[in-house]
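Here is the structure we will look at.
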Amino acid sequence: MTIPTFVGIVLITFLLIHLSPGSPASGTAGGFGDGGISSVDHDRLRTHFELDAPLLSRFGRWLTRVIRFDFGRSFADGRPVSQRILERLYPTLLVTLVTIMIGLCIVIPIASYAALHAGKHFDRIILGACVGFYAIPPYIVGMVLILILGVRFEWLPFSGLTSEGYSEMRLWQKFVDIIQHSVLIGCCFLYPLVAYLVPFVRATMLSVLNEDFVRAAFARGLTKRQVVFRHVLPNTLGPLLTVMGLIVPAVLGGSVVLEVMFAWPGMGRLLYESIHDRDYPVIMGMTVLSAVIVLGVTLVVDLLHAWSDPRVRYA
Amino acid sequence: MKTAIEQPLIEVTDLSVRYKRGQAPVLRDVSFSMNCGESIALVGDSGCGKSTLAMSLMRLLPADAAVRGSIVFRGDGEFEPMDLMGVDERTMQAVRGKHIAMVFQNSVGSLDPVMRVGNQIAEVVRVTQGADRSTAHKMAIKLIERVGLPSPQRLAQAWPHELSGGMAQRVGLALALAGNPSLIIADEPTSAMDANVQSQILEVFRHACRQAGVALLLITHDICVAQALANRVCVLDRGSLVDNRPIDKLDSPSCHAATKRLVDAARLKSKAFTAIAGKMV
Ligand SMILES: Nc1ncnc2c1ncn2[C@@H]1O[C@H](COP(=O)(O)OP(=O)(O)OP(=O)(O)O)[C@@H](O)[C@H]1O
Ligand SMILES: [Mg+2]
């Protein structure tokens, strides 16, 4: 199942990029500044980048290289694509994974409290706040945060991953520096995640609380705390895992705008830059890598789900 | 048997329950008492308030339900008699499972689907008796054996969805016995089973309760089930307790109309079955 999905994604990316108008050669030829390049040079560029070979043979050759994770060299700076992507991989993973971890640590207690006190003030306020926050696009919040905390008060850095002079810092200073740079962009990733997950976890938990086995657990003399931690939360985990599998790709997708905005040297910004440059090898390498990540996440989620719920295991 | 007969185990006086303000009460001035080791069948039509009575004895009704009356519980003499209506939630938690346990109709649904059967029983042993992990596990195995389930070691490792309804109800009884209670309330424990499994389960209930000297409040709408297990019958009719008599006095002319109706229904049912069986031969 995983492999056909993978080939399908690779094919669609390939076609989308190659059938859309414009090419790296024409981009330079039609450009301004030095007045463009001659048509001879244009043809040489096309040959150099193998742009004149038939579509199908280009795809075939490319697919065999993809399997070996060899994406060729970037059109933009001639370095291997895999190298360019790898150095951009960790800032993105850093901010998204840490955000998701922190998000879960925030979501589960809040959602549990709201579910256990459903209909009370706290529950209503939290639900309202979630709807409200979820409706505000992250780039607006990002701009506001940059303007207020970054520019006006200069409390936090808002551009890039590290400060100048990072390489001379001691280890803990480097650590603090990266944390400081991550705060604002992290917040922009975090709040929609929390606003989306809290109502979801709360609703899941409410339905678990209405199950017969919860009432039975109370009848067996368990305290509320014991019932919640030993029976309600474990039963909320399955649906939460499933939805996490859907959210991780969404968070990665959302990284493009935010990373460009915060000059974050991650995959999202690399994708933006390479689309701008029509840097096919990088774009396709990125797409394939995203597909691998998404498929990997799905696989991990399925395994975790099977581990957490015996009914899934034998299905 | 345990302590003196003249001291009832539990004494319910003028219990009234109303789920929502302004609605008609679901229970009206219900009074009855149970002795140690006694088994009483609480019978009545669907919707007459049997489950409500069970839940109010456990004090597990929704928070907005209005409950009046007193439920004096003496237990097995370990503690001073107390009015369950008046005690705080902590005391009540200590009573549930340890002194009054419950068995539910939805046997599979009353088990946590993501926890192994043995661990669920051991959990109750730990909570009610303060046993450590390995003792609790050993006791869980013994309890599984006691309710007549084969290969208890393997069953302890099973997941609830792997059990049949009959097996799950035996596990439900094991869970109720785990706290070593003096009263078990069984709310329609066999209603979802076929007649064969039903009689097996009832036999297991009778045996286990006799052996442990546990009083049994058996809730059912089926007089036949009551006759199989109980020595006294309480009849509930639209929220009022209308009849309370020994099980062998059900055909006496002094019975309430509701009692007669239930007895007739049971007779009709068995007659109808006999008639159908006759036609099929
Ligand atoms: N949570 C609740 N809120 C409001 N009304 C309720 C609630 N639970 C039960 N009732 C009402 O109380 C009445 C008695 O319900 P109960 O479940 O005690 O009946 P029962 O005798 O157990 O019936 P059955 O034989 O079908 O189980 C019913 O009319 C029902 O509609
Ligand atoms: Mg009922």
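The values are calculated or read from the model by the stated rules, or taken from the named source; none is laboratory data. No experiment lies behind these values; they were computed from the predicted model shown. For neighbour counting, all protein chains shown are included, and Cβ atoms are generated from backbone atoms with ideal geometry for every residue, glycine included.
Quick notes on this structure:
- Here B:ARG90 meets each of (1) at pLDDT below 95; (2) within 13 Å of another protein chain (Cβ to nearest Cβ); (3) part of a loop (DSSP other than H, G, I, E, B) with one exception, condition (3).
- Of all residue pairs spaced 6 or more apart or on separate chains, those with beta-carbon atoms under 9 Å, a first member in region B:38-49 that is in contact (Cβ under 8 Å) with a residue 60 or more places away in the chain and a second member that is part of a loop (DSSP other than H, G, I, E, B) and within 12 Å of ligand 2 (Cβ to nearest atom) are B:VAL43/B:HIS221; B:GLY44/B:HIS221; B:ASP45/B:HIS221; B:SER46/B:HIS221; B:CYS48/B:VAL26; B:CYS48/B:HIS221; B:GLY49/B:VAL26.
- Residues located in region A:97-145, provided they are over 27 Å from A:ASN235 (Cβ atoms) and not in a helix (DSSP H, G or I): A:ILE136, A:PRO137
- Flag if A:ARG313 is of a type in the set (Lys, Arg) and more than 14 Å from chain B (Cβ to nearest Cβ): no
- Helices (runs of 4 or more DSSP H) enclosed by region B:107-179 - at least 3 residues per element that are charged (D, E, K, R), over 29 Å from A:GLY238 (Cα atoms) and more than 12 Å from every other protein chain (Cβ to nearest Cβ): B:133-146
- Residue within region B:203-224 that is within 16 Å of ligand 1 (Cβ to nearest atom) and part of a loop (DSSP other than H, G, I, E, B) present: yes
- Applying the set (1) assigned to a helix (DSSP H, G or I); (2) within 11 Å of another protein chain (Cβ to nearest Cβ); (3) modelled with pLDDT under 90 to A:MET284 leaves exactly one unmet item: (2).
- Candidates are the residues of region B:93-106 that are at the interface with chain A (Cβ under 7 Å from one of its Cβ atoms) and in a loop (DSSP other than H, G, I, E, B); the one that is farthest from A:ALA219 (Cα to Cα) is B:ASN106.
- Meets criteria (touching a strand residue (DSSP E or B) at 6+ places or on another chain (Cβ under 7 Å), touching a residue at least 40 places away in the same chain (Cβ under 8 Å) and farther than 30 Å from B:MET115 by Cα) for B:LEU217: no
- Restricting attention to region A:220-236, the residues being facing chain B (nearest Cβ under 8 Å) and out of contact with any Lys or Arg (no Cβ under 6 Å at 6 or more places or on another chain) number 8.
- In region B:53-86, residue farthest from the chain's Cα centre (by Cα) [restricted to those that are free of Cβ contacts under 8 Å to residues at least 40 places away in the same chain, within 14 Å of chain A (Cβ to nearest Cβ) and more than 8 Å from ligand 1 (Cβ to nearest atom)]: B:ALA63
- Identity of the residue in region B:45-65, within 18 Å of B:SER240 (Cβ to Cβ) and charged (D, E, K, R), that ends up nearest to ligand 2 (Cβ to nearest atom): B:LYS50
- Of the helices (runs of 4 or more DSSP H) contained entirely in region A:1-96, those carrying at least 1 residues that are modelled with pLDDT under 70 fall at A:2-19, A:24-29, A:39-48.
Yes/no per residue for (1) within 25 Å of B:ALA94 (Cα to Cα); (2) surrounded by fewer than 17 Cβ atoms within 10 Å (Cβ to Cβ):
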{"position": "B:PRO150", "(1), (2)": "no, yes"}
{"position": "B:LEU155", "(1), (2)": "no, no"}
{"position": "B:PRO160", "(1), (2)": "no, no"}
{"position": "B:PRO189", "(1), (2)": "yes, no"}
{"position": "B:GLN200", "(1), (2)": "no, yes"}
{"position": "B:VAL204", "(1), (2)": "no, no"}
{"position": "B:GLY213", "(1), (2)": "yes, yes"}
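- Scanning region B:208-260 for residues that are of a type in the set (D, E, K, R), over 21 Å from B:PRO25 (Cα atoms) and within 16 Å of ligand 2 (Cβ to nearest atom) yields one hit, B:ASP222.
- Filter result for B:VAL114 (within 16 Å of ligand 1 (Cβ to nearest atom) and either closer than 22 Å to B:CYS209 by Cβ or without any contact (Cβ under 8 Å) to a residue 60 or more places away in the chain (or both)): no
- Residue list for region B:63-73, filter: at pLDDT 90 or above and not hydrophobic (A, V, I, L, M, F, W, C): B:ARG68, B:GLY69, B:SER70
- Residue that is away from every other protein chain (no Cβ under 14 Å) and in contact with a Pro (Cβ under 9 Å, 6 or more places away or on another chain), where the choices are A:VAL201, A:VAL243: A:VAL201
- Restricting attention to region B:28-52, the residues being near ligand 1 (Cβ under 8 Å from one of its atoms) and away from chain A (no Cβ under 14 Å) number 7.
- Scanning region A:216-268 for residues that are modelled with pLDDT of 90 or more and not in a helix (DSSP H, G or I), we see that the one that is surrounded by the fewest Cβ atoms within 10 Å (Cβ to Cβ) is A:THR223.
- Of all the residues in region B:172-202, those that are under 13 Å from the mean Cα position of the chain (by Cα), among the hydrophobic types (A, V, I, L, M, F, W, C) and within 16 Å of ligand 1 (Cβ to nearest atom) number 2.
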